[in-house]
1. Exactly one of these conditions fails for A63: (1) without any contact (Cβ under 8 Å) to a residue 12 or more places away in the chain; (2) assigned to a helix (DSSP H, G or I). Give me its number.
2. Of the residues that make up the stretch 17-34, is at least one open to solvent by 30 Å² or more (accessible area, probe 1.4 Å), hydroxyl-bearing (S, T, Y) and modelled with pLDDT of 95 or more?
3. Cβ-Cβ under 6 Å, sequence separation 6+ or interchain: first residue in the stretch 89-102 and closer than 12 Å to E70 by Cα, partner among the acidic types (D, E) and open to solvent by 70 Å² or more (accessible area, probe 1.4 Å). Which pairs?
4. Is it the case that the stretch 55-70 has a residue that's farther than 19 Å from L175 by Cβ and surrounded by fewer than 17 Cβ atoms within 10 Å (Cβ to Cβ)?
5. When the stretch 81-139 is examined, which residues are found to be open to solvent by 20 Å² or more (accessible area, probe 1.4 Å), more than 17 Å from A43 (Cβ to Cβ) and of a type in the set (S, T, N, Q)?
6. Among all residue pairs at least 6 apart or on different chains, which show Cβ distances below 7 Å where the first residue, located in the stretch 117-132, is within 17 Å of R162 (Cβ to Cβ) and the second is open to solvent by 60 Å² or more (accessible area, probe 1.4 Å)?
Amino acid sequence: MPKIIFSAILLLIITACNNSSKNKATLNENASADATYYFIRHADKERGPNAGENPALNETGKARADFWAEQFKDIDFDAVYSTDFTRTRNTALPTAKKNNLSVQIYEPSTTFYSNFKNENSGKTVLIVGHSNTTPAFVNAILGTQKYSEINDATYGNLYIVRIINGVAEVELKDLNNWNNQ
């Protein structure tokens, strides 16, 4: 009789340990890894009647794109994203090159925003967008409407979103006077 009781208790302990391990694995799989996302608007673009619908960066914009790469020189990015416009790709390119990465193209949308956080969990990512898409993307990650569109003359906002223990926090840096530093 004692052997049966001992065997039953041992079986219960083993079963409990197995269930406990499965619960921990499930919790770990669902936990959001810490991540940092850097959001910027494309650099200064060509303007005027000859700029076209997909303007390139002007000389100031090219210098600003290099400035961003210098600002980010100590950051090891896992990915660099840009919308599919000349000005955004060319803003992202110097930073991508310094990290030996290609620029990944994204289409701003609610679906992309909702998938982005899961696909980039635990990563450090640069995202280059526009005066309207950059704050919208930051808001989507935060889950609240904190930021409105960027003024058309503003090219130096840096939004740093950190995901820590599943909670998103943001810091907004004003680097609009970058060439006076």
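The values are calculated or read from the model by the stated rules, or taken from the named source; none is laboratory data. Just so you know, these numbers come straight off a predicted model, no measurement behind them. So basically every Cβ, Gly included, is an ideal-geometry build from the backbone, and we count neighbours across all protein chains shown. Just the protein is used for accessible areas: all its heavy atoms, side chains included, with ligands, DNA and RNA removed. Shrake-Rupley method; radii C 1.70, N 1.55, O 1.52, S 1.80 Å.
1. Here A63 meets the rest and fails (1).
2. no
3. P94/D66
4. Yes, some residue in the stretch 55-70 is farther than 19 Å from L175 by Cβ and surrounded by fewer than 17 Cβ atoms within 10 Å (Cβ to Cβ).
5. Matches in the stretch 81-139: N99, N100, S102, Q104, S109, T110, T111, S114, N115, N118, S121, T124.
6. G122/D34; K123/D78; T124/D76; T124/D78; V125/D78
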